Amino acid sequence: MQQQDKYRIALLSAYALALHGFESLIPMPIPWLRIGLANIITITAFILLGFRAALMVTLVRVVIASIFTGSFLGPGFMLSMGGGLASILAMGAVFYVAPGLFGPVGLSLIGALFHNLSQLFLAYLLFIRKIEPVLFIAPVLIMIGTIAGLVNGLAADLLIKGLKNGGDKIQNTAEWK
Amino acid sequence: MSLRETINGTTAGDRVLFIFLLLVSFIGIFFIKEVLPRGNEVVIEVEGRVAYEYPLDSDRTVKVESRYGHLTVEIRKGKVRVVDASCPNKLCEHQGWVSSGAIVCLPNRISILVGSQEKPKDGAVDATAG
C-alpha cells in the first residue's frame, strides 16, 4: 500500500465518520433505522482504491464511531461491525466473481442487502432468539435497505465521477496533508 | 455529471438487481404472514392456572370466573378485549383491544395472554399476585 493511499484511506475514513455522525441528526421513524450514508464512502473507496482500502475504511469507521458514542464492544457495536463486514465482504465477492456486472449502484444494493441480512441474523442470535419476529421484519428492512442502497449508490457514483474528473485536486489534497 | 446521466449510466445488472430486490421484499411483506405458523393463541389463566385456550382467529365471547370475581373476554378479528369486569377500577376494560401482550386483572386473579409467547408453567405467577 502506497503512502498516498494511506492518506486517502485516512481522509475517506474521516468523511465516512462525518457522514455517520451527520446521519444521526436525521430524524427517523424508528430509532435504529439508518440510511447508511457512510456506505457512500465505502463504495467510493472500493471502486477507486480497491477492496482492502474499503475494508480498512469500514473498520476504522465502525470502531471510531463506536468509541465516540461509547458503545465500543457493546451489542450495538457487534451489530454495526457484523453489518459493515458482511456488506464489504459481499461487495468484494460480487466484484471478484463478476467484475463488469454491477456499477456502484449494484454494489451498494448488494452491500445494503447483506448489511441487513447479517444484522437480522446477529439480532436473532444475540437478542431476540425467536425466528418469527425476525422473518416478519426482514422484508420490510430489505425494502427500505434497497431504496436507501439506491440513493447511496447514486451518490457514490456521482462522487466517484467527480473525483475522477477532478483528479488533480484530490492529488493535491493528499499531498497537502 | 448530472443525476440523470448517472441514472442512465447504471448497468443492466444494477437495474435488474434493484427491481428484483424491490419485488422480493414487496412480495415478502404481504406473504410472510401466510407462511409463518399461526401460533397465535389466547390463553386465559385463572388464579395462576391455565383455564382456557383459544386460537386468536376464532371470534367468541367467554365468561371467565374466579373465586374473586368474573369478567367477560371478547375475541374478535385477531384481537382480544375485556368487556365486562367485576373489579372496581376496570383497568382491564380500559386497556381496550389487544393483539399481542397481555391483559391482567389483578383483583380477579385473571390474566389473558395474547400472542405466540411460551406458555407460563403452572404456578408461575409470583406469590404476591397469586
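The values are calculated or read from the model by the stated rules, or taken from the named source; none is laboratory data. Keep in mind that this is a model prediction, so the values were computed, not measured. Positions of Cβ are backbone-derived with ideal geometry, glycine not excepted, and every protein chain shown enters the neighbour counts. Surface accessibility is based on the protein's heavy atoms, side chains included, excluding ligands, DNA and RNA. Shrake-Rupley method; radii C 1.70, N 1.55, O 1.52, S 1.80 Å.
Placing unit charges on the Cβ atoms only, positive for Lys and Arg and negative for Asp and Glu, gives the protein assembly as shown a dipole magnitude near 420 debye about its Cα centre. Within the listed set A:ILE47, A:ILE26, A:ILE160, the residue fluctuating most in the Gaussian network model of chain A (springs between alpha-carbon atoms under 10 angstrom) is A:ILE26. Pairwise Cα distances in chain A exceed 20 Å for 52 percent of all pairs. Applying the Karplus relation 6.51 cos²θ - 1.76 cosθ + 1.60 with θ = phi - 60° to segment B:19-24 yields 3J(HN,Hα) values of 5, 4, 5, 4, 4, 4 Hz, where x marks Gly and Pro.
Short to long, the 5 Å bins of the Cα pair-distance histogram for segment A:1-93 hold 3, 14, 25, 25, 19, 9, 3, 1, 0 percent of all pairs.
Interface residues of segment A:132-148, defined as those losing at least 50 Å² of solvent-accessible heavy-atom surface relative to the isolated chain (probe radius 1.4 Å), are listed as A:GLU132, A:PHE136, A:PRO139, A:MET143, A:THR146. Between the amide H of B:VAL104 and those of B:ILE112, distances stay under 5 Å, these residues lying 5 or more places away or on another chain, with hydrogens modeled in the peptide plane.
In deg cm²/dmol, rounded to 500, what helix-only [θ] at 222 nm does chain A give when every DSSP H run of at least 4 residues adds -39500 (n - 2.57) and the total is split over its residues?
-27000 deg cm²/dmol
A 1.4 Å probe run over the protein chains yields, for the protein assembly as shown, 56 Å² of accessible area per residue, whole-number rounding. Which percent of the accessible heavy-atom area of chain A goes to carbon and sulfur, probe 1.4 angstrom? That fraction is 71 percent. Less than 5 angstrom separates the built amide H of B:ALA51 from those of B:ILE44, B:GLU45, B:VAL46, all sequence-distant by 5 or more or on a different chain.
In summary, the helical segments of chain A meeting the span-like criteria, namely a full DSSP H run, a Cα extent along the axis of 15 angstrom or more and a mean Kyte-Doolittle hydropathy of at least 1.6, are A:38-49, A:51-69.
Each Lys and Arg Cβ is given +1 and each Asp and Glu Cβ -1; about its Cα centre, segment B:41-115 then shows a dipole of about 140 debye. Am I reading the B/A interface right? What is its buried accessible area, both sides, 1.4 Å probe, to the nearest 100 Å²? Protein heavy atoms only, the B-A interface buries about 2100 Å². Taking trypsin sites (Lys or Arg not before Pro) across segment A:60-139, the ones in a DSSP loop with at most 11 further Cβ atoms lying within 10 angstrom of their Cβ are A:ARG129. Inter-part distance, segment B:75-100 to segment A:109-138, computed on C-alpha centroids, equals 33 Å.
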